[in-house]
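The values are calculated or read from the model by the stated rules, or taken from the named source; none is laboratory data. If you're wondering where the values come from, they're calculated on a predicted model, not measured in any experiment. When we count neighbours, we look across all protein chains shown, and the Cβ atoms used for this are built from the backbone with ideal geometry, even at glycine.
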Amino acid sequence: MFRSLVFGACLIGLVLGLTTTAVQSVGVTPILLAAEQYEIGDEPHPAAADTAHEHGGDAGHHHDEGAWAPADGAERLFYTAISNICTGIGFAAILLVVMNQLRERGQLALSAGRGLVVGALAYLAVFVAPSLGLPPEIPGASAAALESRQLWWLATVILSAAGLGLLILGRGWQRWLGPVLWLLPHGWVPAHQGPLFAHPDPQAVAALSALHRDFILASGLTNLAFWLLAGVLCAVVLKRYASASGERAHDATA
């Protein structure tokens with residue numbers, strides 16, 4: 001079963017990565033490129049920012065002049081796709097393991113509809129919960145130290161996932177811990193103090209603010225599509241593996 005789960009994660013990650021890259025090319029990358037036109041200092045290349053907040057990551061706001069960055073066009077698209085595929089494989093592996101454990105315990109029936117539900121819950125934990133404290137950022141936005149944001153994001157995702165699990169699967173008083181865990185990381189958020197954009201031109205700040213709002217919406221929709229598709233694909237793959245395992249067990253006892 002372990003080998004099947006690894007193969008399934010790779011297959012699902014490939015589909016997720018290519019699909020996400022296509023969606024990003026239409027809705028996310030143009031916003032990043034537009035925001036880059038207003039940069040007044042050295043910022044991350046858009047290729048590094050394409051997946052910055054797409055799945056909870058965070059591109060820094062300090063860039064080394066000597067650091068390598070892929071060229072615009074096909075090269076940037078290629079490396080973005082590779083990054084998205086690796087991200088898809090990692091998240092698919094986690095979903096497959098969790099869903100398989102729930103299936104074995106009789107707490108999850110494998111179907112496309114249940115896959116959508118699991119995907120929606122993962123979306124809430126991995127994207128929505130962190131975004132309530134640290135919304136996705138475009139190039140040129142001011143932010144707190146990268147290390148503190150990454151640590152906060154990781155803690156928020158873990159606590160949010162645990163909170164949702166207790167709220168749905170817990171019994172009695174355990175369910176009350178769910179909302180507590182969900183709200184706990186928001187007691188302290190490593191937010192930047194001061195204006196979001198330090199550009200000296202008010203018109204540029206207004207344009208960046210509009211792009212920022214568009215980027216939050218585009219990132220949210222891209223993530224929603226990613227997680228719903230991930231949930232459905234994981235449910236379909238697990239159901240197929242479970243059916244194949246059941247048939248082999250039946251043949252062995254026949």
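Here are some notes:
- Considering segment 100-120, and only residues there that are buried (at least 18 other Cβ atoms within 10 Å of the Cβ) and small (Gly, Ala, Ser), the residue that is nearest to residue 243 (Cα to Cα) turns out to be 115.
- Restricted to segment 242-254, and to residues there that are surrounded by 11 or more Cβ atoms within 10 Å (Cβ to Cβ) and more than 11 Å from residue 110 (Cα to Cα), the residue that is modelled with the highest pLDDT is 244.
- Scanning segment 6-23 for residues that are without any contact (Cβ under 8 Å) to a residue 40 or more places away in the chain and either within 15 Å of residue 222 (Cβ to Cβ) or in contact with an Asp or Glu (Cβ under 9 Å, 6 or more places away or on another chain) (or both) returns a single hit, 22.
- Residues being in contact (Cβ under 8 Å) with a residue 60 or more places away in the chain and either among the basic types (Lys, Arg) or more than 21 Å from residue 219 (Cβ to Cβ) (or both) - total across segment 108-117: 6
- The residues of segment 144-200 that are surrounded by fewer than 18 Cβ atoms within 10 Å (Cβ to Cβ) and among the polar types (S, T, N, Q), listed by number, are 148, 150, 174, 193.
- In the set (1) among the polar types (S, T, N, Q); (2) modelled with pLDDT under 95; (3) surrounded by 15 or more Cβ atoms within 10 Å (Cβ to Cβ), the condition left unmet by residue 203 is number (3).
- Those residues of segment 94-123 which are among the polar types (S, T, N, Q) and at pLDDT 95 or above, in sequence order: none
- Leading residue by the ranking (farthest from residue 143 (Cα to Cα)) among those in segment 175-204 that are assigned to a helix (DSSP H, G or I) and more than 26 Å from the chain's Cα centre (by Cα): 176
- All of (1) modelled with pLDDT under 80; (2) surrounded by 18 or more Cβ atoms within 10 Å (Cβ to Cβ); (3) among the β-branched types (Val, Ile, Thr) hold for residue 138 with one exception: (1).
- Listing of helices (runs of 4 or more DSSP H) fully contained in segment 1-84 that carry 3 or more residues being among the β-branched types (Val, Ile, Thr) and at pLDDT 55 or above: 2-27
- Of all residues making up segment 129-174, the number that are in contact (Cβ under 8 Å) with a residue 24 or more places away in the chain, of a type in the set (Val, Ile, Thr) and either touching a strand residue (DSSP E or B) at 6+ places or on another chain (Cβ under 8 Å) or assigned to a helix (DSSP H, G or I) (or both): 3
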